[in-house]
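These notes concern the structure reproduced below.
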Amino acid sequence: MSRAISLHSVSKTYGRSSRAVDRFSLSVAPGEFVVLLGPSGCGKSTVLRMIAGLEEVSEGELLLDGEPSNDLSPRERGMAMVFQNFALYPNMTNRANIGFPLKLENPRRDHTDRVESTARMLGIESVLDRYPRQLSGGERQRVAMGRAISRRPSAFLMDEPLSNLDAKLRNHLRAEIAQLTAELGVTTVYVTHDQAEAMSLGDRVAVMRGGVLQQVSTPREVYALPENVFVAAFIGTPRINLLQAVVHAPLEGRMSIDLGRQRLPLPEPLSADHQLLRIQQGRPIIVGLRSEAVRIAPRSQARPGEVALSGIVEHVEYQGHEALVHLNTGSRPAVVPDLESARPQAPQRRRARSGGTGVLERLKQRATGSVAVLDHPAEESYAVRSPDRPAVTASDLVVRTGPDMRLRTGGQVPLLVDLAHLYVFDHSGRRICPLPRDIPGLDV
Ligand SMILES: Nc1ncnc2c1ncn2[C@@H]1O[C@H](COP(=O)(O)OP(=O)(O)O)[C@@H](O)[C@H]1O
Ligand SMILES: [Mg+2]
């Protein structure tokens, strides 16, 4: 029996500190797979532990199958939890480990069938009579999963269950978890800080930041229609390019977006969402360009809806099947706080190439304006670079190309920007465009 899980404006306060989870609301349908995603410390585990009953709800209400359940014991909730640090009993065989919850529930019954069918599901039949220390990390995590599912729980709660494994194994087990939970049809809440994992596993993804839910949507929708600049920056690889900009809406002539040294002219007549930009005239905004919105090509090859920019090649990250070209277009990157703990930044090899003093780098950045800071009164400024993390590259735009394009560092390249893929966020970080109906292939 699969459970419906609902949280209504749930908060958690530890001692006297501020809220670790702040008025969090989410409804998970029976059999649904929902991923809680966000940087380290944003409250994901706390939400999960409140669902499990391992942590008391400070405010708000938890409903299980529609029944108020704040005060149920973990046992009464009938859920199974899998953690990052899977603790198996070292002096029990894997068979005994998997059967342990069954034995607790019903000591006299023979659980052999259930244990073996569970092991078959996980492909670990052959190691049942060994001890956990005789297994690889991946096998041990499968045994831990087996222990969690042997009871056929009403819900799975998984807290970064794959974080301790190497990349290859992680991908492998990720696919297995997807398959297993689909087969069992059990409601699953899965915590991760890895956006790729979240996107590939979740029916829906709930993005959190600082204890606050930012957006909960299908993977397609969080990518295509991020509610705000934080979600946009957290989801997708390479990370969306975010540039500080200002809208120019002259009484006569074309509206354009000022990106610093260059401008993006908006085509006439204005599209419905570009019209929304008119009221932003003169105010600081943030332009978001995913790598698929920009290509290296001359103006003569522009398709309808594409406008020209140019950039100077700062460095090229060769990836085998493609290359990521880091460019300087003379704009100022908008920086989103809270992201750095979760996502690796582009490699910072350039320091060595340019002399490696750091000071030179910074002077150069000042000259190109790439660390200039946008000053505005909004509470949350997305344009302020944290002082402990000075920028070491002067690139403000990362573009994907085929692996064979020959590009010279320091050389200028022509760019075409597809305005249909243009994201604009207001000074508080909220998305202004695109409007939902402008995203092809998305039913909203
Ligand atoms: N037992 C605890 N006592 C005090 N503070 C805690 C406790 N557990 C978590 N916190 C704090 O609550 C916040 C959210 O933590 P957590 O839910 O573990 O985040 P995440 O799982 O997203 O990394 C953090 O600031 C963390 O330091
Ligand atoms: Mg955690």
- Pull up the range 150-167, narrow it to residues that are charged (D, E, K, R) and more than 17 Å from L135 (Cα to Cα), then point me to the one that is farthest from ligand 1 (Cβ to nearest atom). R152
- Item | Count - residues of the range 1-18 that are away from ligand 2 (no atom under 16 Å from the Cβ) and modelled with pLDDT of 95 or more | 9
- Task: Determine, yes or no, whether L7 is within 19 Å of D159 (Cα to Cα) and either in a strand (DSSP E or B) or more than 15 Å from ligand 1 (Cβ to nearest atom) (or both).
- Result: yes
- Matching residues in the range 1-57 (surrounded by 17 or more Cβ atoms within 10 Å (Cβ to Cβ), more than 19 Å from V222 (Cα to Cα) and of a type in the set (A, V, I, L, M, F, W, C)) number 12
- Item | Residue selected from the range 263-283 under the condition touching a helix residue (DSSP H, G or I) at 6+ places or on another chain (Cβ under 8 Å) and in a helix (DSSP H, G or I), by the criterion farthest from I432 (Cα to Cα) | A272
- Item | Matching entry among S58, S73 (being modelled with pLDDT of 95 or more, in contact with a Gly (Cβ under 8 Å, 6 or more places away or on another chain) and not hydrophobic (A, V, I, L, M, F, W, C)) | S73
- Message: For the list (1) more than 23 Å from A178 (Cα to Cα); (2) surrounded by 15 or more Cβ atoms within 10 Å (Cβ to Cβ); (3) more than 16 Å from ligand 1 (Cβ to nearest atom); (4) among the aliphatic types (A, V, I, L, M), I need the number of the one condition that L104 fails.
- Response: (2)
- Note on the structure: Among residues of the range 43-56 being within 16 Å of ligand 2 (Cβ to nearest atom) and charged (D, E, K, R), the residue farthest from Q84 (Cα to Cα) is E55
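Scan the range 155-188 for residues that are of a type in the set (D, E, K, R) and either touching a Pro at 6+ places or on another chain (Cβ under 9 Å) or in contact (Cβ under 8 Å) with a residue 60 or more places away in the chain (or both) and report the count.
Adding up the residues that qualify gives 3.
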- Note on the structure: Going through (1) under 25 Å from R400 (Cα atoms); (2) in a loop (DSSP other than H, G, I, E, B) one by one, I286 fails only at (2)
- Query: Among the listed residues T181, T237, which satisfies the condition of being assigned to a helix (DSSP H, G or I) and either closer than 27 Å to V325 by Cα or more than 16 Å from ligand 2 (Cβ to nearest atom) (or both)?
  - Reply: T181
- Out of (1) in contact with a strand residue (DSSP E or B) (Cβ under 6 Å, 6 or more places away or on another chain); (2) assigned to a loop (DSSP other than H, G, I, E, B), the one L242 does not meet is (2)
- Any idea which residue in the range 205-234 is surrounded by the fewest Cβ atoms within 10 Å (Cβ to Cβ), counting only those that are in a helix (DSSP H, G or I) and in contact with a strand residue (DSSP E or B) (Cβ under 7 Å, 6 or more places away or on another chain)? P219
- Message: Step by step: first the residues of the range 150-174, then only those that are over 21 Å from S2 (Cα atoms) and of a type in the set (G, A, S), then the one that is farthest from the chain's Cα centre (by Cα). Which residue is that?
- Response: A167
- With respect to S40, determine if the residue is part of a loop (DSSP other than H, G, I, E, B), under 21 Å from the mean Cα position of the chain (by Cα), among the polar types (S, T, N, Q) and within 16 Å of ligand 2 (Cβ to nearest atom). yes
- Message: Whether any residue in the range 77-96 is surrounded by fewer than 18 Cβ atoms within 10 Å (Cβ to Cβ) and closer than 16 Å to M1 by Cβ is what I want to check.
- Response: yes
- Filter result (within 9 Å of ligand 1 (Cβ to nearest atom) and hydroxyl-bearing (S, T, Y)) within the range 14-58: Y14, S17, S18, S40, S45, T46
- Sort through I279, I257, I285, I296 and tell me the only one that's surrounded by fewer than 13 Cβ atoms within 10 Å (Cβ to Cβ) and of a type in the set (V, I, T). I279
- Task: Output yes when any residue across the range 240-249 is surrounded by 20 or more Cβ atoms within 10 Å (Cβ to Cβ) and closer than 26 Å to S163 by Cα, and no when none is.
- Result: yes
- Item | Subset of the range 191-204 [within 16 Å of ligand 2 (Cβ to nearest atom) and crowded, with 19+ Cβ neighbours inside 10 Å] | V191, T192, H193, Q195, E197, A198
- Item | From R120, R147, R109, residue being surrounded by fewer than 16 Cβ atoms within 10 Å (Cβ to Cβ) and closer than 22 Å to T181 by Cα | R120
- Go through the range 23-33 and give me each residue that's part of a strand (DSSP E or B), more than 16 Å from ligand 2 (Cβ to nearest atom) and not β-branched (V, I, T). R23, S25, L26, S27, F33
- Query: Which condition breaks for E76 when tested against (1) more than 11 Å from ligand 1 (Cβ to nearest atom); (2) within 30 Å of L135 (Cβ to Cβ); (3) assigned to a helix (DSSP H, G or I)?
  - Reply: (2)
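The values are calculated or read from the model by the stated rules, or taken from the named source; none is laboratory data. Computed from a prediction, not measured in an experiment: that's the story for all the values here. Counting neighbours? That spans all protein chains shown, and the Cβs are built from the backbone with ideal geometry, glycine included.
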